[in-house]
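Laboratory data are not the source of any read-out in this text; all were calculated from the coordinates shown. All values derive from a computational prediction rather than experimental measurement. Because the Cβ atoms are built from the backbone with ideal geometry, glycine has one as well, and the counts that use them run over all protein chains shown.
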Amino acid sequence: MNKGVSERSAPVIVTGAQQGIGLVIAQAFAMTGRSVVIADINTAADGEALRRQWACDSDVLTTRCDITDEESVESMLDHVQSEFGTAADTLVNNAATQVWGPFLEASIDDIERVIRTNLVGTMLMTQRFARRRVSAGGAGVVVNLGSGCNTIAFPQLASYVASKGGIETFTKSAALELGAHGIRVNCIAPGSIETERTRAETAGYAERWSALTPLGRVGVPEDVAKATLALCSDELDFVSGQTVGVDGGLFSRAVWPADY
């Protein structure tokens, strides 16, 4: 950390941000001068090392957090408040997991793990973040990372689809209840985003999905990060309870016969 506690602004917390889209979102906030907390069940990357790598002056704190565990979440939030002298005012619920496979063969353990991480974890983080914002006088922003499968079913991903669909409707519910405290809650639904994980899912990932996407390319994590920053900005301070698709128009496409 490179500033005195009294000089630090309220930080942004990004969960599951040790890699992939979450890490790029954290970097994007840091490059705007925001203090950033990377809360992840793994803590391989060091905050000071990331700050040097990104060549920014922002505070970057990495801390362990299991978003499915109440004590872990409270401990992380206590740590953040102690480090910065104030509660975080922005939360990005990015942490998630998925299990591929036919629903008829899915184990209850796998189903529960996906639902608990993706949906319950998002709800728990939002609740505990919001309690602290209310105690601090209100105001704040939450962005939940959903998916194109918020509303469209994906094959072989029943528990993931259920969790992400739940996140979209939870976003609306949270926006309804937390609006009275000046807390905005929105959701981002990424489409085909090329990351190390998605490239490993199938050969020719970018080529296959680019052909289906109206804008003619797959997305990159930076596309999601830009949308996240926009939803957290003052320019969109009257937007709440909404889901923004970051998919190049992919999930606006209906199933339609080519020779109609």
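Tabulated values for the structure
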read-out: Net charge contributed by nearby residues that have their C-beta within less than 11 Å of VAL142 (K/R +1, D/E -1); value: +1
read-out: Label-zone membership for the stretch 100-144, site LYS226, 7 angstrom Cα→C-beta point, backbone N under 16 Å; value: none
read-out: Proxy reagent accessibility, fewest Cβ within 10 Å first, across TYR205, TYR160; value: TYR205, TYR160
read-out: Extension gain from LEU215 to ALA44, taking 0.36 nm per residue of separation minus the Cα-Cα distance; value: 58.0 nm
read-out: Relative contact order (%) - criterion: Cα under 8 Å, at least six apart; region: the stretch 5-250; value: 18 percent
read-out: For the chain, built as a Gaussian network whose Cα springs stay under 10 Å, the top-fluctuating residue of GLU48, GLU83, GLU201; value: GLU201
read-out: Contour minus Cα-Cα distance for GLN19 and ALA136 (0.36 nm per residue); value: 39.0 nm
read-out: Pairwise centroid distance, computed over Cα atoms, of the stretch 166-226 with the stretch 43-72, Å; value: 22 Å
read-out: FRET efficiency, SER107 to SER233 (Cβ-Cβ, R0 51 Å, nearest 0.05); value: 0.75
read-out: Intensity falloff of the stretch 5-250 expressed as log10 I(q)/I(0), Debye formula with alpha-carbon point scatterers, at q = 0.15, 0.17 Å⁻¹; value: -1.05, -1.35
read-out: Karplus (6.51, -1.76, 1.60) ³J(HN,Hα), θ = phi - 60°, over the stretch 37-51, in Hz, Gly and Pro reported as x; value: 10, 9, 9, 9, 5, 10, 10, 6, 7, 8, x, 5, 5, 5, 4
read-out: Helix-derived mean residue ellipticity, 222 nm - over the chain, DSSP H n ≥ 4, -39500 (n - 2.57), to 500; value: -12000 deg cm²/dmol
read-out: J(HN,Hα) series, the stretch 147-162, from Karplus relation 6.51 cos²θ - 1.76 cosθ + 1.60, nearest Hz, glycine and proline x; value: 5, x, 7, 3, 10, 10, 6, 9, x, 6, 9, 4, 5, 5, 4, 4
read-out: Of THR169, ALA30, TRP100, farthest towards positive along the dipole that unit charges on Lys, Arg, Asp, Glu beta carbons give the stretch 5-250; value: THR169
read-out: Paramagnetic label zone (point 7 Å from Cα along Cα-to-C-beta, VAL99; backbone N under 18 Å) in the stretch 150-165; value: 154-165
